[in-house]
Amino acid sequence: MRESRLWALHLICGAGLLVLLSLHMGLMHYAGILALLGWAREPAMSFSSVVERGRGAAWASMYVLLLGFALYHGLYGLRGVLGEIWGTPRAVRFINTGVVIFGLAVLVYGVAVAVQAARH
Amino acid sequence: MAEMTGNPEGGVPEGGILTLRVARYDPERDRAARPQEWKVKILPGMTVLDALFAVKEEQDGSLAFRCSCRMGVCGSCGMFINGKPRLACNTQVSELGPVVEVAPLPNHDAIKDLVPDLAPTFHRHRAVLPYIMRGDEAEMESPTREFQQTPEELARYVQFTYCLKCSLCLAACPTVGTTEQFLGPQALGQVYRYVADNRDEGLSKRAGVVDASHGAFGCHLAGACSEACPKGVDPALAIQLLKRSLFVGPPHRAPAQVVPAFPEGYRTPEAAERPKAPPPSV
Ligand code: SF4
Ligand code: FES
């Protein structure tokens with residue numbers, strides 16, 4: 001794929017990460033502020049909250065999205081750094097293949113865990 | 001290369017004595033560059049190139065450096081002068097201080113003394129197809145008339161046409177220094193020069209080379225290239241505009257058309273007023 005598209009995806013994932021991480025920080029760590037805004041919830045680390053987050057399909061999708069965004073964004077950056085250290089065409093092919101295989105393996109594993117949790 | 005210490009730049013009056021410290025390198029003798037010094041009397045308007053000529057003509061004829069136009073046009077006298085890539089013919093010694101240190105351009109192999117190997121620069125330049133490419137090949141190969149272009153359309157790219165191919169921007173670029181495959185600011189800047197030209201339709205052909213991690217997207221936006229450029233070309237800007245063009249297409253919507261031909265026998269009003277040539281007398 002052309003680099004401009006890969007780079008655009010990298011930016012989109014960065015923006016997505018920002019949104020999802022803000023959501024995560026709000027829900028998990030700044031519940032007090034949310035309560036001040038009139039959105040009182042169960043404490044994030046209470047047993048019922050943890051179980052609820054593990055089960056809901058919406059939560060599972062959010063985890064998968066977060067994982068996907070983080071994986072793509074991080075691995076794209078790693079590929080860039082490695083490609084600058086070992087820039088030969090052969091090394092670049094090797095790095096690209098390695099990064100795709102690693103990314104897909106982690107994504108599949110992460111999706112399996114989220115689906116598994118949502119089913120229980 | 002032997003380490004050369006920088007010196008704070010400060011004016012030296014004409015008639016004063018300048019110490020010229022040059023990184024000498026002879027591939028047949030040296031494994032690395034070694035500094036050598038000469039004293040040169042500063043003459044009015046003396047440039048670093050003039051000082052090098054003074055040494056070559058009066059003190060050491062074996063000193064090697066490259067130049068041609070001596071007026072900042074050909075781009076062949078690029079050197080690393082007091083820690084900055086500059087054109088030697090464009091740099092007054094009186095602005096530099098009592099010690100002027102000259103070395104070959106960084107990020108380039110030295111052929112001898114101050115002569116850098118510019119072949120990689122020209123290879124990179126050639127790789128990006130730096131010429132007008134059109135869909136209507138017949139018209140391009142055997143033009144009937146010129147292609148239309150307004151002054152506004154010219155203004156979009158004209159600053160990038162001033163590039164001398166002097167390679168100073170490559171010498172200043174940290175990414176060129178660390179990443180051998182990176183196309184570099186000169187070649188990428190020239191891609192945008194053609195992409196922004198409304199007579200050109202070659203973006204998709206060039207994208208194969210520049211829409212790559214070692215092409216436009218390899219630029220870290222350090223901006224050192226634009227700072228080093230002696231002609232005021234802004235390659236860093238060109239690369240960013242090129243990235244945008246790779247997403248949304250060139251800045252012009254349609255390629256320039258051929259200027260319509262005048263009807264058969266048409267003469268411009270000025271031509272009609274011009275006196276006719278007298279009939280032949282012989
Ligand atoms: S962009 Fe400037 S510094 Fe770079 S080669 Fe062209 S004239 Fe020289
Ligand atoms: S000699 Fe031509 S630019 Fe300096």
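Counting only heavy atoms of the protein chains, get the accessible area per residue of chain A (1.4 Å probe) and round it to a whole Å² value. Result: 67 Å² per residue. Each distinct pair of alpha carbons in chain B adds a 1/r term; the inverse of their mean, the Kirkwood radius, is 21.6 Å. Pairing chains A and B buries close to 1000 square angstrom of accessible surface in total, based on protein heavy atoms and a 1.4 angstrom probe. Accessible surface ranking for B:Phe247, B:Phe182, 1.4 angstrom probe, highest first: B:Phe247, B:Phe182.
Shown for the stretch B:161-186: residues covered by the partner protein chains by 10 Å² or more of accessible area relative to the chain by itself (probe radius 1.4 Å), namely B:Thr178, B:Thr179, B:Gln181. Of the accessible area of the stretch B:1-138, computed with a 1.4 Å probe over protein heavy atoms only, carbon and sulfur atoms account for 52 percent.
The ratio of the alpha-carbon radius of gyration of the protein assembly as shown to the globular-protein estimate 2.2 N^0.38 Å is 1.41. The fraction of Cα-Cα pairs per 10 angstrom bin, counted from 0 for the stretch B:34-77, comes to 25, 53, 22 percent, rounded to whole percents. For the stretch B:251-256, putting each phi into the Karplus relation 6.51 cos²θ - 1.76 cosθ + 1.60 with θ = phi - 60° gives couplings of x, 9, 7, 10, x, 4 Hz, in residue order, rounded to whole numbers and with x for Gly and Pro. An ellipsoid equivalent to the stretch A:1-91, defined through the eigenvalues of its Cα gyration tensor, has semi-axes of 36, 13, 11 Å when rounded to whole angstrom and sorted largest first. Just the protein heavy atoms count here, and of the accessible area of the stretch B:169-280 at 1.4 Å, carbon and sulfur take up 54 percent.
Could you compute Rg(Cα) / (2.2 N^0.38 Å) for the stretch A:1-45, with N its residue count? Compactness ratio reported: 1.70. Normalised Debye scattering of the stretch B:29-184 at q = 0.09, 0.12 Å⁻¹ gives log10 I(q)/I(0) of -0.41, -0.65, counting only Cα atoms as equal scatterers and leaving out solvent.
Note on the protein assembly as shown: with charges restricted to the Cβ of Lys and Arg (+1) and Asp and Glu (-1), its dipole about the Cα centre is near 1020 debye. Please report, ordered by residue number, every helix of chain A (full DSSP H runs) that is 24 Å or longer along its axis going by C-alpha atoms and whose mean Kyte-Doolittle hydropathy reaches 1.0. Sorted by number, the helices that extend far enough and score high enough are A:3-24, A:57-85, A:89-119.
Beta bridges from DSSP with both residues in the protein assembly as shown: antiparallel share about 80 percent, rounded to the nearest 5.
Taking accessible area as the heavy-atom solvent-accessible surface of the protein chains with a 1.4 Å probe, which residues of the stretch B:239-267 lose no less than 40 Å² upon going from the isolated chain to the full protein assembly? Residues passing the criterion (a loss of at least 40 Å², heavy atoms only) are B:Phe247. Dividing the convex hull volume of the alpha-carbon atoms in the stretch B:132-238 by its residue count gives 106 Å³ per residue. The residues neighbouring A:Trp86, those whose beta-carbon lies less than 14 Å from its own, together hold a net charge of +1 under the Lys/Arg +1, Asp/Glu -1 convention.
The values are calculated or read from the model by the stated rules, or taken from the named source; none is laboratory data. Bear in mind the structure is a predicted one, so any value in this text is a computation, not a measurement. Reconstructed Cβ throughout: ideal geometry from the backbone, glycine too, with neighbour counts over all protein chains shown. All accessible areas refer to the heavy atoms of the entire protein, side chains included, with ligands and DNA or RNA removed. Shrake-Rupley method; radii C 1.70, N 1.55, O 1.52, S 1.80 Å.
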